[in-house]
Amino acid sequence: MKIFKKLIVLFFLLIIYMYVANITLMPNSIIIMQGENVEVSRLWGINIKQIATTNPNLEQYKVDTTIEEVSGETGNLENGEAYQNNEAKSNITGKIDLGVSIFDTIPLKNISVSVIPKTTVIPLGDSIGMKLYTKGVLVVGMSDIEGNKPYENTGIEEGDRIIKIDNVEITCTDDLVETVNKSKGKELEVKYVKEENDTEMVANIIPAKTSENEYKLGLWVRDAAAGVGTVTFYEPISEQFASLGHGITDIDTGSLVKIASGELVKAHILSIMKGQKGVPGELRGTIDGGSKLGEVYNNTSFGIFGKLETASSLEVSNKNEMEVLSRDKIKTGKAQIICEIETGNKKYYDIEIQKIYYNNNSNNKSMLIKVTDEELLEKTGGIIQGMSGSPIIQDGKFVGAVTHVLVNDPTTGYGVFADLMLKEMKLN
């Protein structure tokens, strides 16, 4: 009997855990494109309903349920009614607040849904350079200072960013060097940001004096990153651009570079290192530091985003404007990429979309693609470094961008959905 009671208790605890986990895993905010499905997985008894919207035409708001709920209930819902299923579709734009509750009586949390309008973009494919400047200085290594380790037991690690020393803002390596030397060896309060969770921390460090009468913390730091890649598209209505389809990571720490600012500049391709099995190829080029094309404002796992100074800076033509194809309309088969593997010579090249991961929102590996164009295969061997961001076109519509190459097969790689890049751009 005691065993039976324990089993009953364990069963109820498991049920409670499942519900707590389900509610915890529900996002606090969602960004979707107009007409796209809203997907929120939930258990029986957890209701979701609209509680507010910024759209003035509230009475026009409808959702169409398309996934059958665990209880088996289905149907269409009007404004203000609870969601009966896991998936709904929004045909308006703006911000919608959804309320999550148990049996529509006990409120649990709110979910903010931002519905961005359908848009047209101009796919580009130009080779460009980027210069990114970090928020604070990035710690990329540590070393002894003539037998001393000032950083020891402070909690500072590679990948962390130092943002202040004794309330002096640190924006570059020169700021850090100057501030530490001015200390003359007195204890410093260092404010830094942990890489893994973006949490601000404080540590006290006593700088070590070198034989050259300089004071150091024993930390190797960096304040900038640069690279060559491909700009993906330009949105005329906002004058914003997107590029790469993935972020720039620090070469030493492997972490995404958190930037304070950045610049889009011209690049000149010098040579091509052809890709082969086990050895990724590369577009080798130089960055023209004196030819600023635009501002970079964010470096994310779905691309680098910013604003062009003028559309003419990349010879953007409105005649190339095209619809952004939603992921559910992308199909396997023939497609093309636009890229510039020789300076001033941008071309369309044939590829094949082999697999589509429709439900993937967690990373930039949305489609498996294969280069089939004989000219591109002859020149590059397939997908090489520097081609990341090359727009993917299918049936005259923009569907995504090249992001990765498979090292063991340079003809094959991944592309990211266009909607993921657009959503990331609209977040900023």
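The values are calculated or read from the model by the stated rules, or taken from the named source; none is laboratory data. None of the values given here were measured: they were computed from a predicted structure. With ideal geometry, Cβ positions are generated from the backbone for all residues, glycine too; neighbour counts draw on all protein chains shown.
Listed values, structure above:
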{"read-out": "Failed condition for residue 31, given (1) in contact with a helix residue (DSSP H, G or I) (Cβ under 6 Å, 6 or more places away or on another chain); (2) hydrophobic (A, V, I, L, M, F, W, C); (3) modelled with pLDDT under 70; (4) farther than 24 Å from residue 119 by Cβ", "value": "(4)"}
{"read-out": "Per-region count, region 265-320, residues more than 19 Å from residue 131 (Cα to Cα), at pLDDT below 85 and outside any helix (DSSP H, G or I)", "value": "3"}
{"read-out": "Residues (among the aromatic types (Phe, Trp, Tyr) and either buried (at least 19 other Cβ atoms within 10 Å of the Cβ) or without any contact (Cβ under 8 Å) to a residue 12 or more places away in the chain (or both)) located in region 132-152", "value": "151"}
{"read-out": "Verdict on residue 121 being out of contact with any strand residue (DSSP E or B) (no Cβ under 7 Å at 6 or more places or on another chain) and modelled with pLDDT of 90 or more", "value": "no"}
{"read-out": "Every pair of residues 6+ apart whose Cβ atoms lie under 6 Å, when the first sits in region 281-301 and is more than 18 Å from residue 248 (Cα to Cα) while the second is basic (Lys, Arg)", "value": "288/266; 291/266"}
{"read-out": "Residue in region 243-258 that is within 27 Å of residue 311 (Cα to Cα) and outside any loop (DSSP other than H, G, I, E, B) present", "value": "yes"}
{"read-out": "Test: residue in region 143-161 that is touching a helix residue (DSSP H, G or I) at 6+ places or on another chain (Cβ under 6 Å) and outside any loop (DSSP other than H, G, I, E, B)", "value": "no"}
{"read-out": "Region 265-275 - residue that is in contact with a Gly (Cβ under 6 Å, 6 or more places away or on another chain) and farther than 25 Å from residue 422 by Cβ and, of those, surrounded by the fewest Cβ atoms within 10 Å (Cβ to Cβ)", "value": "270"}
{"read-out": "Any hit, region 288-297, residues being among the acidic types (Asp, Glu) and under 15 Å from residue 402 (Cα atoms)", "value": "no"}
{"read-out": "Residues of region 226-264 classified as hydrophobic (A, V, I, L, M, F, W, C), buried (at least 16 other Cβ atoms within 10 Å of the Cβ), more than 17 Å from the chain's Cα centre (by Cα) and modelled with pLDDT under 90, total", "value": "1"}
